[in-house]
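All remarks here apply to the structure that follows.
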Amino acid sequence: MTDNLMSALGLDRPESGDDAVVPFTLDKLDTRGRTVRLGDALDTILNRHNYPAPVARLLGEAVVLAALIGSSLKFEGRFILQTQTDGPVSLLVVDFDAPDGLRGYARFDQDALVKAAEEGRTRPADLLGNGHLAMTIDQGPNTERYQGIVALEGNSLEQVAHTYFMQSEQIPTQVRLAVAEFTKKGDHRPHWRAGGVLIQHLPEHGMSHTQDLPGDGNFDNHDADANAPDGWNEAKALMATLDDLELADPDLSAERLLFRLYHETGVRVFTPLPVVERCTCSADKIEDMLATSFTPEDREEMAVDGEIEVVCEFCSTAYHFNPHQFDVNH
């Protein structure tokens, strides 16, 4: 690659590597997007609960999707992706704590999961069953939450995401998600990795407005052109050539992947945004919850051997409290 081409692509600076979101634009195609690569952050989330492989893959896809969407927020707050269903995996929850924190959790029925596996029903649609996907933006106290809900219809979270954007955002959007296990050199334990790409067609805005990527955080845009012009069709067709191994390949950076896909039409990448595995639980938050949401009688009933134990579902951290400490402090 020539120096000029590397500079135009954004490769005149170090490549992003794992656990990062890379915003980009396809100026000639009136398209912008983000791509994410998750390594240790995802591996920590999935291995903390030792999920069965089908559950881990499903939660991994949800984590990637949340990172792609949540990283567009330009304010401190949270993006929450949640599914509630009647399937073997009844609940998926992923929090993106802006600007860079990720945590995720899955609830599943072990017996139903074993039965589904024996019957060969391990596709995302089989594991999730009937229910809905909710995406929530929480900007903190004294602000109104925004929430979009869509039925879980389709064979994958990718298809559900496409439906969500068409119904809730009315922005032509295409998503690719992939989760895989790789063995690191010198380490025999498989490690979870994932990758994803999200592209959006925004002709009404013009690419001059994308200099401030990673995104506008606008979830009320209803002006997008849904007539599928040639540029958007080309952007989607090129992205459709991606396979799962490319998306999760530890030796293929996000920048190189984008160049491989879009070098003929032109692609510009922007400064990578780091992503970390981080839980937002704390002893103070749980203490406040116990003090304000429960009566002294409730807390007495919760105590075992004179102690209340609260375990965070996300990170498995155990917090312990004396039920009588609240009588003094509150």
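All of the numbers you see were taken from the coordinates with simple rules; none came from a lab. Source: prediction; values computed, not measured. Reconstructed Cβ throughout: ideal geometry from the backbone, glycine too, with neighbour counts over all protein chains shown.
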*How big, on average over all directions, is the shadow cast by the Cα convex hull of the chain, in nm²?*
20.1
*So, with +1 on the Cβ of K and R and -1 on the Cβ of D and E, and no other charges, what is the size of the charge dipole of the stretch 3-277 about its Cα centre, to the nearest 20 debye?*
460
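Can you name the helices of the chain, as whole DSSP H runs, whose Cα span along the helix axis is 24 Å or more and whose Kyte-Doolittle mean is not below 1.6? List each step's numbers first, then the result.
Working: long enough: 53-70 (25 Å, 1.72).
Those that clear 24 Å and a mean of 1.6 are 53-70.
About the Cα centre of the stretch 283-329, how large is the charge dipole given +1 on each Lys and Arg Cβ and -1 on each Asp and Glu Cβ? Please answer in debye to the nearest 20. Kindly include the intermediate steps, with their values, before the conclusion.
Working: 2 positive and 12 negative charges, 33 e Å.
Dipole about the Cα centre, nearest 20: 160 debye.
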*For the stretch 283-329, divide the Cα radius of gyration by the Kirkwood radius and give the resulting Rg/Rh value with two decimals.*
0.94
*Taking only pairs that are 8 or more places apart or on different chains, how many Lys pairs in the chain have Cα atoms under 30 angstrom apart?*
4
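Summing -39500 (n - 2.57) over the DSSP H runs of n ≥ 4 in the chain and dividing by its residue number, what mean residue ellipticity at 222 nm do you reach, to the nearest 500 deg cm²/dmol?
Numbers: 12 runs with 102 residues, N = 330.
Dividing the helical sum by the residues of the chain leaves -8500 deg cm²/dmol.
What does the net charge come to around E153 if you take all other residues with beta carbon closer than 15 Å to its beta carbon, with K and R at +1 and D and E at -1? Numbers along the way, then the final one.
On the way: positive: R123; negative: D86, D126, E158.
Local net charge: -2.
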*Stick to the Cα atoms of the stretch 43-160, pair each with every other, and give me the Kirkwood hydrodynamic radius in Å at one decimal.*
14.6
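Rounded to the nearest 5, what is the percent of antiparallel bridges among the DSSP beta bridges in the stretch 3-277?
95
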